[in-house]
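Asks: I have a structure here, written as structure tokens, and I will follow up with some questions on it.
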Amino acid sequence: MENFTPVSALIGGVLIGAAATFMLWANGRIAGISGILGGILFPVKSEIVWRILFIAGLLSASLAYMFFSGASLDISVQTTPLLTAVAGLLVGFGTRMGSGCTSGHGICGIARISKRSFLATVVFIGAGVVSVFLLRHILGLGL
């Protein structure tokens, strides 16, 4: 493992868990990003402000990191725009089909001991494993 960072991973996990807990406690809402974003795209007037603020907070986190650390984010995309678009569409389709995303099911749902979320998490992790195996080992794409 070339990027093994247990301390920052632990801190990140605690922050995600605390944010999800606070969201449920303060708002009575699950911190599932697909549902929050979907509520912006198809808004209910009384819920639009908190949804926009939530997404703005997610987007501004990288800016805050760069500001306070003085470092830039080193992000490189190692695929084609077409493959990225297809992957995004498939993830979006799976999110709609599964009634939630990795944050909704994998973080919040499992914490609430939801059987549906356990199953959804097993399915999306399994689909990821199969996809990587097919792309790398069967099709020979070194993504």
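The values are calculated or read from the model by the stated rules, or taken from the named source; none is laboratory data. Since the structure is predicted, the reported quantities are computational estimates derived from the model, not experimental observations. Every residue, glycine among them, receives a Cβ derived from its backbone with ideal geometry; neighbour counts consider all protein chains shown.
Asks: I'd like to know if the range 115-127 contains one or more residues that are assigned to a helix (DSSP H, G or I), modelled with pLDDT of 85 or more and under 18 Å from LEU37 (Cβ atoms).
Replies: Kept after step one, since they are assigned to a helix (DSSP H, G or I), are these residues of the range 115-127: 115-127.
Remaining after also requiring modelled with pLDDT of 85 or more: 115-127.
Filter once more, keeping what is under 18 Å from LEU37 (Cβ atoms): 120, 124.
Within the range 115-127 (the criterion being assigned to a helix (DSSP H, G or I), modelled with pLDDT of 85 or more and under 18 Å from LEU37 (Cβ atoms)), the answer is yes, since at least one residue qualifies.
Asks: Let me ask something additional. Might you check whether a residue that is within 19 Å of GLY17 (Cβ to Cβ) and of a type in the set (S, T, N, Q) occurs anywhere in the range 93-113? Break it down into steps so the answer makes sense when it comes.
Replies: If we filter the range 93-113 for residues that are within 19 Å of GLY17 (Cβ to Cβ), which is where we start, we get 100-113.
In the following step, the residues that additionally are of a type in the set (S, T, N, Q) were identified as 102-103.
Yes, the range 93-113 contains a residue that is within 19 Å of GLY17 (Cβ to Cβ) and of a type in the set (S, T, N, Q).
Asks: Continuing with this model, one more query. Which ranges mark the helices (runs of 4 or more DSSP H) fully within the range 1-74 that have 2 or more residues being surrounded by fewer than 11 Cβ atoms within 10 Å (Cβ to Cβ) and modelled with pLDDT of 90 or more?
Replies: Values: elements: 6-27, 33-41, 48-69.
Because the criterion is at least 2 residues that are surrounded by fewer than 11 Cβ atoms within 10 Å (Cβ to Cβ) and modelled with pLDDT of 90 or more, the helices (runs of 4 or more DSSP H) in the range 1-74 that meet it are 6-27, 48-69.
Asks: Inspect all residues belonging to the range 123-132 and state whether any of them is under 20 Å from ALA18 (Cα atoms) and surrounded by 10 or more Cβ atoms within 10 Å (Cβ to Cβ).
Replies: No - not one qualifying residue is present in the range 123-132.
Asks: Filter the range 80-92 for residues that are among the small types (Gly, Ala, Ser), exposed (fewer than 12 other Cβ atoms within 10 Å of the Cβ) and farther than 30 Å from THR21 by Cβ and give the result. Break it down stepwise before answering.
Replies: Of the range 80-92, the ones among the small types (Gly, Ala, Ser) are 85, 87-88, 92.
Subset that is exposed (fewer than 12 other Cβ atoms within 10 Å of the Cβ): 85, 88.
The one that is among the small types (Gly, Ala, Ser), exposed (fewer than 12 other Cβ atoms within 10 Å of the Cβ) and farther than 30 Å from THR21 by Cβ: ALA85.
Asks: Quick one: in the range 97-114, of everything that is assigned to a helix (DSSP H, G or I) and without any contact (Cβ under 8 Å) to a residue 12 or more places away in the chain, which residue is surrounded by the fewest Cβ atoms within 10 Å (Cβ to Cβ)?
Replies: Pass one, the range 97-114, residues assigned to a helix (DSSP H, G or I): 97, 102-111.
With without any contact (Cβ under 8 Å) to a residue 12 or more places away in the chain added as a condition, the list becomes 97, 110.
Working: MET97: 10, ILE110: 13.
Within the range 97-114, the match that is surrounded by the fewest Cβ atoms within 10 Å (Cβ to Cβ) is MET97.
Asks: Which of (1) modelled with pLDDT under 85; (2) under 24 Å from ARG29 (Cβ atoms); (3) not in a helix (DSSP H, G or I) is the odd one out, the single condition GLY142 does not satisfy?
Replies: Going through the list (1) modelled with pLDDT under 85; (2) under 24 Å from ARG29 (Cβ atoms); (3) not in a helix (DSSP H, G or I), GLY142 breaks only (2).
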